[in-house]
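Here is the structure we will look at, set down as structure tokens.
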Amino acid sequence: MMKIIKLIVSLIAFTLAACQAANVTVIESPIPSMTSTATPSSTPTFTPSPQPTFTPSITITPSVTPTETPRPNIAPTLPYTDVHFILHGDRDKPYVALTFDLCQKPELPAWFDNGIVDVLNEYEVPATFFMGGDWMRTHVDETLLLASNPNFELGNHSWSHPDLPGLSAEVISSEIVNTQNLLYKLTGRQSTLFRLPAGKYDDLTLGLIAWHGLKTIQWDVETGDPDPTIDAERMNWAVRERVQNGSIIVMHANGRGWHTAEALPQMIKYLREQGYTLVTVSQLLGLEPLPQH
Ligand SMILES: [Zn+2]
């Protein structure tokens, strides 16, 4: 009997010890697993945190200097207009516009005749320059020089000076719009006047020019200045023969108006002696106020 009691007591003691041992392992087991998972996770979370605290101090410095905002590459769209095909202004008013084309085909580089600008400045003559897009691309400084002169108006003369009749609507539009965009990008100006390359047109061309919000500006007095054989005297003879109220005179400032700068002083003096006031095309057409003097 005593043996049985001892056996029971020893069994109870064994199971208690076993339970205690089991309890310890159950309790202890989470502790190493917690520490083992905590240590690796803590290291990556600490290392990146100092970096963002430094970067804001760097991003603050550029916010102090953004004084110049770059002008967009795309000019704002002009509202479309009716077709305007203009050869001259009002025949009853003594105004005349000198116009200078800056034509350039990409495969045929042109230049800039600064002598023309010198004469216009010397005689304080307003003038309209029709800017080729490809010409502006290769003559950025000259474009900015013309844009900086308050007497000068800037028009659009297509991008690559192609014969526009026969081209697709898409190509004609790109010739107009790309030139508008570069003029705006460089000068902040938008032209409302378009001069046809070589004066050539068809209905689609005139319609698209109007669709893009521009007026087509032709001329009624041709000086012939792209012809090297036409000298300054003959240019002036042509002007004397043809000029009248509202005339638009076409010349070239791309270095292929061979005697243009030479002819200009006599031309300006003659026109003023005849009582004409020299104006830009927009002034001639009443789109902008006339000069004060
Ligand atoms: Zn031209």
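Brief remarks follow.
- Enumeration of residues in the range 238-257 that are within 11 Å of the ligand (Cβ to nearest atom) and β-branched (V, I, T): V250
- Subset of the range 193-234 [in contact with a Pro (Cβ under 7 Å, 6 or more places away or on another chain) and either more than 12 Å from the ligand (Cβ to nearest atom) or of a type in the set (D, E) (or both)]: Y201, D202, T205, G213
- Under the condition of being within 16 Å of the ligand (Cβ to nearest atom) and not in a helix (DSSP H, G or I), the residues counted in the range 128-166 number 18.
- Only a single item in (1) of a type in the set (G, A, S); (2) surrounded by fewer than 19 Cβ atoms within 10 Å (Cβ to Cβ); (3) away from the ligand (no atom under 16 Å from the Cβ); (4) over 21 Å from the mean Cα position of the chain (by Cα) is not met by G188, and it is number (4).
- Subset of the range 79-115 [more than 21 Å from I176 (Cα to Cα) and within 15 Å of the ligand (Cβ to nearest atom)]: W111, F112, D113
- Pair list, Cβ under 9 Å, 6 or more apart: the range 161-177 residue touching a residue at least 60 places away in the same chain (Cβ under 8 Å) and at positive phi, other residue within 16 Å of the ligand (Cβ to nearest atom) and among the polar types (S, T, N, Q): none
- Hits in the range 148-176 (condition: buried (at least 18 other Cβ atoms within 10 Å of the Cβ) and closer than 20 Å to S282 by Cα): F152, E153, L154, G155, N156, H157, S158, I176
- Taken as a whole, the condition of being away from the ligand (no atom under 16 Å from the Cβ) and not in a loop (DSSP other than H, G, I, E, B) does not apply to V125.
- Close contacts from the range 253-266, counting a first residue that is under 16 Å from P126 (Cα atoms) and a second that is within 12 Å of the ligand (Cβ to nearest atom) and among the aromatic types (F, W, Y), with Cβ to Cβ under 6 Å and a gap of 6+ residues or different chains, come to A253/F100.
- Conditions (1) open to solvent by less than 10 Å² (accessible area, probe 1.4 Å); (2) under 26 Å from the mean Cα position of the chain (by Cα); number of the one not met by T223: (2)
- Condition check for L206: on the phi < 0 side of the Ramachandran plot and open to solvent by less than 50 Å² (accessible area, probe 1.4 Å): yes
- L284 open to solvent by less than 40 Å² (accessible area, probe 1.4 Å), closer than 17 Å to L87 by Cβ and modelled with pLDDT of 95 or more: yes
- Residue that is nearest to the chain's Cα centre (by Cα), among those in the range 66-105 that are free of Cβ contacts under 8 Å to residues at least 60 places away in the same chain and loosely packed, with under 14 Cβ neighbours inside 10 Å: P70
- All conditions but one from (1) assigned to a helix (DSSP H, G or I); (2) open to solvent by 10 Å² or more (accessible area, probe 1.4 Å); (3) within 30 Å of T277 (Cβ to Cβ) apply to N181; the one that does not is (3).
The values are calculated or read from the model by the stated rules, or taken from the named source; none is laboratory data. Quick caveat: nothing in here was measured; it's all calculated off a predicted structure. Counting neighbours? That spans all protein chains shown, and the Cβs are built from the backbone with ideal geometry, glycine included. The accessibility values were calculated without ligands, DNA or RNA, using every heavy atom of the protein model including side chains. Shrake-Rupley method; radii C 1.70, N 1.55, O 1.52, S 1.80 Å.
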